[in-house]
Each structure stands twice: as structure tokens, then as C-alpha cells.
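The values are calculated or read from the model by the stated rules, or taken from the named source; none is laboratory data. A quick note: this is a predicted structure, and the numbers were derived from the prediction, not measured. Note that each Cβ is placed from the backbone with ideal geometry, even for glycine, and that neighbours are counted across all protein chains shown. Please note that ligands, DNA and RNA were not included when accessible areas were found on the heavy atoms of the full protein model with its side chains. Shrake-Rupley method; radii C 1.70, N 1.55, O 1.52, S 1.80 Å.
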Amino acid sequence: MNQLVGERISIATFKAQTTRHRIMGIVNTPEMQIVFSDTPGVLKPNYKMQEMMLAFSESALADADVLLYVTDVVENPEKNMEFLEKVQKMTIPVILLINKIDELKTHPIPVMEGSSQNTRSSQNILSDIVEKWHSLLPNAEILPISAKNKFGVDLLLKRIQELLPESPAYFDKDQLTDKPARFFVSEIIREKILLYYDKEIPYSVEVSVESFKETEKNIHIRAVIYVERDSQKGIIIGHQGIALKKVGSESRKALEKFFDKRIFLETYVKVDKDWRSSERELQHFGYNPD
């Protein structure tokens, strides 16, 4: 979506489940307005937060005019068959995007169990992937892309324009997203935590912006990083606070680039036991699919 919108609306890391909310990115030109809706990846929920993440994804099926189902060259289609069955029943156009095709050029990608891909070309491997997805979603258009290298993105945007029905604009012409500034502060801080901490730590973290005071030149922000355990709090802070200082410093730099203003950022860490399984806490953190 970031490539299609032309702005960095959604955070992106190499880790799964980076996106937790449904985020709109709006493309405006004199002739049109396209509203993109980036949702969390499809997964089988293990706790309440993941249930709400899946609800965000399923909500996109209800109100979309065109569905973009994004996969890549390494994903196993069978893991999301329950969701794919819902996609199969869609009456709107479905475009299946096979992303990361640039990775086929750098190392061999296993496609089917028992296959010997070492002697096969990238094009043959991609053909197998396309054939597999075509058998699962026979009515979908399939487009191989590389979002990282912008390969196929212009073709995709053109095809979306052809498929979208005409209607009045939903948003003001100068609006870029439906999310407030505080949301992007919390997302940028969470992105740095995803990048700098290992294992379960990033998935046990939520960020809440308690204060956001903007002047003409500066923004003063106070943010709280919530974890589920005291031991996690210690890891986030690190020895003599070094780890938290790194997160704060890198977040501040990214926020200054995002807002184009000088940022004063204060970060604190608090324990909110089992917040990922508490419906009340999740609603407080903005997990409201409805």
C-alpha cells in the first residue's frame, strides 16, 4: 500500500504480524480518488488480539470494490484455506499479488514438496507458484510483483483504476489516511521495537500516546510502552536503560522525518498483565473492528 499511495502509511518489517490494524491510504488526483485499506495478515488466532486482527481482515471482504490478496513466493497457501474459501465466494474482482519475486533471483525457493529446484530457473519456479494459486483461486487475476523494487506496481494501479466503479469521493481531496497523528506515533515506536527485540517481546508490546502537543515548529510527545510481564519490562529498558534509549532515539528520528518537525519524545514502560487477552484493554488500544 505504501508504494501505491506514494507515502509511508503502514509500518513494514521482516517480521510476521507487523500490521495489527486496518489502515486506510488515500490516493487523490484531479480525476479520481482511490481508498486503499491495508489489513493485518491472515492467521489462525491464538488469543483475543489475534481474533480482532483477523476481524480487521474479514471486514475488508464486506465493503471492498476490489480485493487485493497479497501473498509471496514462500507462503504456503494451505495454511489459510478457511479464509481463501471466503475469498472464492466473493462476487467482486479479486487480484492475487505474488510479491517478493525479486527473491527468486537471489536464492532458490522451494515450491512443492519433493521438488528439486536447484536445476530449475526462477521463471519455472514462478510458473509453478502461479499455477498453484490459480488452482485455489481460479477466478482471480494473478500479478507477480516486487513492492520493494516497484516492479509491477504501476500495472497494478492501472488495473485497479479499470476495475473500480464510479462513485462520489468518500474523503476530502487533501486527506491521506483515516488515522490520527497519534496512531502513527505509536506505530513508528512499535516498528522500532519489532526491529530491535527478538522472539516474543515485540508481540507482547503495545504503545499508547498519552500526550501529543504540537506547535508551529515542534511536537512534544509522551508515549507509554506496555508489556505483559515484569521480565519483559526489564528487557525493553535494558541494562542502564540503553535499549530503551536506542528505541527512543531511532523513533524520534523517524518521527521527525514523518512530521517534518522537531520531535521531543519521552518514553516509559509499564506492565499491563495479559493485555492481549483482555477485550477491555484491546478496545482501549484501538482494536475495534466494528
Any idea what the relative contact order of the chain is, in percent, if you count C-alpha pairs under 8 Å spaced at least 6 apart? 17
Give the lysines reachable from K233 as a straight Cα distance under 18 Å; neighbours fewer than 8 places away on the same chain don't count. K192, K199, K245, K246, K270, K273
Using modelled backbone amide H atoms (1.01 Å from N, in-plane), which distant-in-sequence or interchain residues come within less than 5 Å of V70's amide H? L97
Counting all C-alpha pairs of the range 1-100, share separated by more than 17 Å (%): 56
Assuming R0 = 51 Å, what is the FRET efficiency of S278 and K257, from their Cβ-Cβ distance, to the nearest 0.05? 0.90
For the range 171-183, in residue order, the Karplus 3J(HN,Hα) values (coefficients 6.51, -1.76, 1.60; θ = phi - 60°; whole Hz; Gly and Pro = x) are 10, 4, 5, 9, 8, 9, 7, 9, 9, x, 4, 4, 4
Descending Cα extents along the principal axes, the range 192-245, whole Å: 40, 21, 20
Per the helix-only calculation at 222 nm, which mean residue ellipticity applies to the chain, given -39500 (n - 2.57) for every DSSP H run of n ≥ 4 and division by its residues, nearest 500 deg cm²/dmol? -10500 deg cm²/dmol
Within the accessible area of the range 208-290, what % is carbon and sulfur when the probe is 1.4 Å and the other protein chains stay in place? 45
Hey, any idea what % of the range 21-61's accessible area is carbon plus sulfur with a 1.4 Å probe? 51
Sorted by chain and then number, the residues having a modelled amide H within less than 5 Å of the amide H of F151, at least 5 places away or on another chain, are S146
Using Cα pairs closer than 8 Å and at least 6 residues apart in sequence, work out the relative contact order for the range 55-100, in percent. 57
Per residue, in Å², the accessible surface of the chain once ligands and nucleic acids are set aside, probe 1.4 Å: 56
Round to a whole number: what % of the accessible area of the range 123-169 belongs to carbon and sulfur, probe 1.4 Å? 52
Gyration tensor (alpha-carbon) shape descriptor, the range 34-88, a/c threshold 1.5: oblate
Can you give me the long-range amide H partners of S37? Hydrogens built in the peptide plane at 1.01 Å from N, cutoff under 5 Å, separation of 5 or more residues or another chain. G25
Quick one: helix 153-163 against the long Cα principal axis of the chain, what's the angle to the nearest 10°, folded into 0 to 90? 70
What relative contact order, as a whole-number percentage, does the range 1-108 give when Cα pairs under 8 Å and 6 or more residues apart are counted? 19
Just to check I understand the Karplus step: with θ = phi - 60° and J = 6.51 cos²θ - 1.76 cosθ + 1.60, what whole-Hz values come out for the range 80-97, glycine and proline as x? 10, 4, 4, 6, 4, 5, 5, 5, 4, 8, 5, 9, 8, x, 10, 10, 8, 9
Calculated from the structure, Rg and Dmax of the Cα atoms in Å equals which of (i) 18.9, 58; (ii) 20.5, 61; (iii) 21.4, 66? (ii)
Viscosity 1.567 mPa s, temperature 4 °C, Stokes-Einstein D of the range 186-290 from Kirkwood C-alpha radius, µm²/s: 91
FRET efficiency for V271 and S59, using Cβ-Cβ distance with R0 set to 22 Å, rounded to 0.05: 0.10
In order over the range 21-28: 3J(HN,Hα) from phi, Karplus 6.51/-1.76/1.60, θ = phi - 60°, whole Hz, x for each Gly or Pro, gives 10, 8, 10, 9, x, 10, 9, 10
